[in-house]
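The values are calculated or read from the model by the stated rules, or taken from the named source; none is laboratory data. What you see is a predicted model; the values in this text were computed from it and never measured. Note that we place each Cβ from the backbone using ideal geometry, even for glycine, and neighbour counts take in every protein chain shown. The area values use the complete protein model at the heavy-atom level, side chains included, leaving out ligands, DNA and RNA. Shrake-Rupley method; radii C 1.70, N 1.55, O 1.52, S 1.80 Å.
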Amino acid sequence: SRDADTVILVGSESGSTWGFAANLHEALTAQGQRVHLAAMNELKRSYPKARRLLVLTATYGDGTAPETARQFLGRLAAFTSRPAFAVLGFGDQNFPRFCGYAADVEAALHNHGLEPLLPLYGIDRQSAAHFSAWGSLLGGQLCIALTLAYVPPRPRTSRFVLDERQLYGVEVQAPVVRLRFEAEGRMPHFEAGDLIGVLPPGSDVPRYYSLASSSRDGMIEICVRKQAGGVCSAFLHGLSPGEAVEAFIRPNPDFRPSHSHKPLILIGAGAGVAPLAGFVRHNRRRPVHLFFGGVYNTTGGGGS
């Protein structure tokens, strides 16, 4: 890292951003650049010969740092080098804080006194075309021919068959559906608060939903709010019992209650209450208080 003229730092939750970063590393190296690739959490105090800092980061949840970037902003305070920077964000434009964490990183780098090499650029749903277009912009700034071409591999999935569905909130224009799936074959191991990545038809980009059940329950349970223009939420809301989804389980160990006998307070709203309900369901050792906020339907048809 001490000899690198280009430093690439990666913020990733599921690992997919690393594939784009590796492709960028390969393309820059082929053009004679000395490149150092690392996680954002591994930011050093200085890179003596670095002329540019390229940050590729996903956004976790509603604008927070992904797993490999949670220490970055704290470490940035001690950063003494002054390379020009560019931030490339990865996200989904259907969500309000599209590339929200990437925007926070760009602002932090600017406030730290670094000069932007390129404006913040967002990659929607791992688009290979967007990545290639950003590579052309970067190559233009570096006065090199930079060709980026990366398509993430399709995740390995299993089939899960819908067994039961219950719809809430239609009367108050906030539809949320509770879905219970059975596995075709062996049920994978998972805990409440883990994630299921669902591939909507025609897409290899997973959408993640928090699980309200554990494998001990013998079923997969999620709650999904219907998003305006949301490809996967519309697909899931349209499922009927007996139909199946292609999906996979991803552990989420940081999102679980600690092992303690002390009282636990949980606060959730809308479909976000799903994993919290799972925590309550599997609690055996401590007092738990769950506070739920949502839209209440006084006609008795349910809430969201």
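Brief remarks follow.
- By DSSP, the beta bridges lying fully in the chain are antiparallel in about 50 percent of cases.
- Sites residue 147 and residue 95, calculated FRET efficiency, Cβ-Cβ separation with R0 35 Å, nearest 0.05: 0.70
- Each Lys and Arg adds +1 at its Cβ and each Asp and Glu adds -1 at its Cβ; summed about the Cα centre, the chain shows a dipole of about 800 debye.
- Total formal charge among the other residues, if their Cβ is under 12 angstrom from that of residue 252, Lys/Arg +1 and Asp/Glu -1: -3
- Taking all protein chains into account, the per residue accessible area for the chain stands at 49 Å² (1.4 Å probe).
- Against the chain, whose longest principal axis comes from its Cα atoms, helix 100-111 is set at around 30 degrees.
- At most 14 other Cβ within 10 Å, DSSP loop - GluC sites (Glu not before Pro), the stretch 190-253: 243
- Taking the average, over residues, of other Cβ atoms within 10 Å as the packing measure, peptides 12-19, 275-282, 125-132 rank 275-282, 12-19, 125-132 from highest down.
- Among beta bridges from DSSP that stay inside the stretch 150-304, the antiparallel ones total about 80%.
- Solvent accessible area, Å² - residue 245, 1.4 Å probe, full protein context: 0
- Relative contact order %, the stretch 97-162, counting alpha carbon pairs below 8 Å whose residues are six or more apart: 23
- Projecting the Cα atoms of 172, 201, 27 onto the charge dipole of the chain (Cβ charges, centred on the Cα centre) puts 27 farthest toward the positive pole.
- If you take the Cα centroid of the stretch 44-81 and the Cα centroid of the stretch 120-189, the two points sit 24 Å apart.
- Computed in the context of the full set of protein chains, the accessible area of the chain at 1.4 Å probe radius has 52% of its extent on carbon or sulfur.
- Alpha-carbon centroids, the stretch 263-284 and the stretch 8-22: separation in whole Å: 31
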